[in-house]
Amino acid sequence: MTGEVMIEVKNLEKYYNGGKIKALDGISTTIHKGEVVVVIGPSGSGKSTFLRCLNLLEEPTGGQVIFEGVDITDEKVDINVHRQKMGMVFQHFNLFPHMTILKNMTIAPMKLQKKSEQEATELAMRLLKRVGLEDRANAYPAQLSGGQKQRIAIVRALCMQPEVMLFDEPTSALDPEMVGEVLEVMKQLAQENMTMVVVTHEMGFAKEVASRVMFLDSGKVVEDATPKEIFSHPKSDRLKSFLAKVL
Amino acid sequence: MSTVMLAISEKMAQWLSTTPSWLQNAPEGIQNIFYQLYQTWIMNDNWHYFTDGLKVTILATLGALVIGVVIGVLIAVIRSAHDSSRKKPPVALRILNALSKLYLTVVRGTPMIVQLLIMCFVVMVPRGQEELLRCATITFGLNSGAYVAEIIRSGIQSIDQGQMEAGRSLGFNYGQTMRYIIIPQAIKNILPALGNELITLLKETSVATVIGLNDLTKGAQIIVSTNYTTLVSYISLAAIYLVLVLALTKLLSIFERRMKNSDR
């Protein structure tokens, strides 16, 4: 990967209970523009914590996250400004249930980027069309299926025109028949060269779409390589036994 | 029979003679109840005690609710902001939070009637009915504030943590996320509970009789003290409260249904 550096993670640590539990134990990596980094690992390995530390939803105990050249772990930095450029998609969608789909998508651009309602609506409708949900613009989240909700959650984040998209197990709360439609949207995004960090259990997605796969265990990066190497030539025993279980 | 009793029964006989014949022929028990009704409501325009008292009760209740909501919102904001700050909160916030906690503990840990006695005989020492009403209203408001604060706080806490995370991940700050995302959802949990608080307050203001406030309950007591009509006067009193509470409950349920409808 050659593109410019998007996120640089330096020795990231997250401890709980005063250091007794090490959710992240010194993680360093560099994410380049246009890369699709898929993070895999057994549950409790710290992969979600890692992702949530990238936009500081989780406050790291130590280390640095440098996003577009700015150390956002610095207390003086206004994290809210930088979060606008980092879209996030959650396992449980977290749509705003008291707003229509359209409002869900336009509220942040209107309030934070001072876009006019017309401008924000146009962008939202364009994105809705892309995921085939333009006819649901005035529905409420409760009226949608899980797969539809997650597709909306993705385009809601895209409405802020972020530089990078973070996905926290986006298909784990979905019924199996709805996983495909969400992955399809993510694949499209990857093809458009969106920088993505994806925590997932979908090994198929990792194989097909990832430019790089990180395997985490006990808060450490055990292997970090191309999907081909990870899935065809795993080096460590831990990755081998993990793959034996999930494939 | 003593002369007093004789005098009463003479008055009753006199009153009976002005009533329709079916009552004059009715059993003595029935006659008694009707005479008490007459004494409670009509004689000497006694119903004024109820209407005047009702005004005081309603004033105290509404005043207390307003004070309670203002205090409750303030405390809830302080407590939520303190609890949700990721880093160590600033000193001012920590002091405010400690004061709020102390206030909640004291108010919820002591009986209402004791708070009233302390406020009106130690702290404020009101003179006259107007000052008494003010003192009672403030005391009820201070008391209610503690409960309203908890209602609001639990309303906010009932909203899934993911909502806050989603708001923050889009780039909203804490205040904006509260305003656009959390509060509009929490309101639906808060308002019904606030309605119940209003009902509780309405009934609780009857305690103010101990400091001599001429509220609804005091009105009934005054009537009883002149006529000894305990049965009918106190049942009338209970009926008035009951009607008020039922009316409020009905209003609230209509309101709640409206809010549910706007959900979809």
Of the numbered conditions (1) free of Cβ contacts under 8 Å to residues at least 40 places away in the same chain; (2) part of a loop (DSSP other than H, G, I, E, B); (3) polar (S, T, N, Q), A:N94 fails exactly one; give the number of that condition.
-> (1)
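Considering only residues of segment A:50-83 that are assigned to a helix (DSSP H, G or I) and in contact (Cβ under 8 Å) with a residue 40 or more places away in the chain, which is most open to solvent (accessible area, probe 1.4 Å)?
Restricting attention to segment A:50-83, the residues satisfying the condition of being assigned to a helix (DSSP H, G or I) are A:50-54, A:79-83.
Those left that are additionally in contact (Cβ under 8 Å) with a residue 40 or more places away in the chain: A:50-54.
Working: A:F50: 0, A:L51: 0, A:R52: 37, A:C53: 0, A:L54: 0 Å².
Taking the candidates together, the pick is A:R52.
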From B:G155, B:G167, grab the single residue that is in contact with a helix residue (DSSP H, G or I) (Cβ under 7 Å, 6 or more places away or on another chain) and more than 20 Å from A:N80 (Cβ to Cβ).
-> B:G155
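Take B:Y180 and decide whether it is at the interface with chain A (Cβ under 10 Å from one of its Cβ atoms) and touching a residue at least 60 places away in the same chain (Cβ under 8 Å).
On the way: at the interface with chain A (Cβ under 10 Å from one of its Cβ atoms): yes; touching a residue at least 60 places away in the same chain (Cβ under 8 Å): no.
No; evaluated as a whole, the condition is false for this residue.
Could you identify the single residue in B:Y241, B:Y180 that is crowded, with 16+ Cβ neighbours inside 10 Å, hydroxyl-bearing (S, T, Y) and under 30 Å from B:A81 (Cα atoms)? Before you say what the answer is, go through the steps one by one.
Working: B:Y241 fails: under 30 Å from B:A81 (Cα atoms).
Only one candidate qualifies: B:Y180.
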Residue match in segment B:226-238 (condition: open to solvent by less than 50 Å² (accessible area, probe 1.4 Å) and under 30 Å from A:I101 (Cβ atoms)) = no
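When you look at B:L213, is it more than 14 Å from chain A (Cβ to nearest Cβ), surrounded by 21 or more Cβ atoms within 10 Å (Cβ to Cβ) and in contact with a Leu (Cβ under 6 Å, 6 or more places away or on another chain), yes or no?
Values: more than 14 Å from chain A (Cβ to nearest Cβ): yes; surrounded by 21 or more Cβ atoms within 10 Å (Cβ to Cβ): yes; in contact with a Leu (Cβ under 6 Å, 6 or more places away or on another chain): yes.
Yes, satisfied.
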Does A:I154 count as at pLDDT 95 or above and either closer than 24 Å to A:E169 by Cβ or within 9 Å of chain B (Cβ to nearest Cβ) (or both)?
-> yes
Segment B:34-62 residues that are in contact (Cβ under 8 Å) with a residue 60 or more places away in the chain, paired with ones that are open to solvent by 80 Å² or more (accessible area, probe 1.4 Å) (beta carbon under 7 Å, 6 or more apart) = B:Q36/B:L231; B:W41/B:W47
The number of residues in segment A:229-239 that are surrounded by 11 or more Cβ atoms within 10 Å (Cβ to Cβ) and assigned to a helix (DSSP H, G or I) is 5
Give the residue that is farthest from the other protein chains (Cβ to nearest Cβ), with candidates limited to residues of segment B:145-177 that are open to solvent by 40 Å² or more (accessible area, probe 1.4 Å) and outside any helix (DSSP H, G or I).
-> B:S158
Hey, A:V131 hits all of (1) within 14 Å of chain B (Cβ to nearest Cβ); (2) open to solvent by less than 20 Å² (accessible area, probe 1.4 Å); (3) more than 15 Å from the chain's Cα centre (by Cα) but one; which does it fall short on?
-> (1)
Residue count, segment A:27-48, condition without any contact (Cβ under 8 Å) to a residue 40 or more places away in the chain and not in a loop (DSSP other than H, G, I, E, B), comes to 1
Matching entry among A:M86, A:M105, A:M99 (being over 20 Å from A:N138 (Cβ atoms), surrounded by 16 or more Cβ atoms within 10 Å (Cβ to Cβ) and either among the hydroxyl-bearing types (S, T, Y) or within 13 Å of chain B (Cβ to nearest Cβ) (or both)) = A:M86
Is there any pair with a first residue in segment B:116-136 that is more than 14 Å from B:G63 (Cα to Cα) and open to solvent by 60 Å² or more (accessible area, probe 1.4 Å) and a second that is assigned to a helix (DSSP H, G or I) and at pLDDT 90 or above whose Cβ atoms are under 6 Å apart and which are 6 or more apart or on different chains, and what are they?
-> B:M124/B:C135
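The values are calculated or read from the model by the stated rules, or taken from the named source; none is laboratory data. Remember, it's a predicted structure, so these values are computed and weren't measured experimentally. With ideal geometry, Cβ positions are generated from the backbone for all residues, glycine too; neighbour counts draw on all protein chains shown. Accessible surface areas use protein heavy atoms only, side chains included; no ligands, DNA or RNA. Shrake-Rupley method; radii C 1.70, N 1.55, O 1.52, S 1.80 Å.
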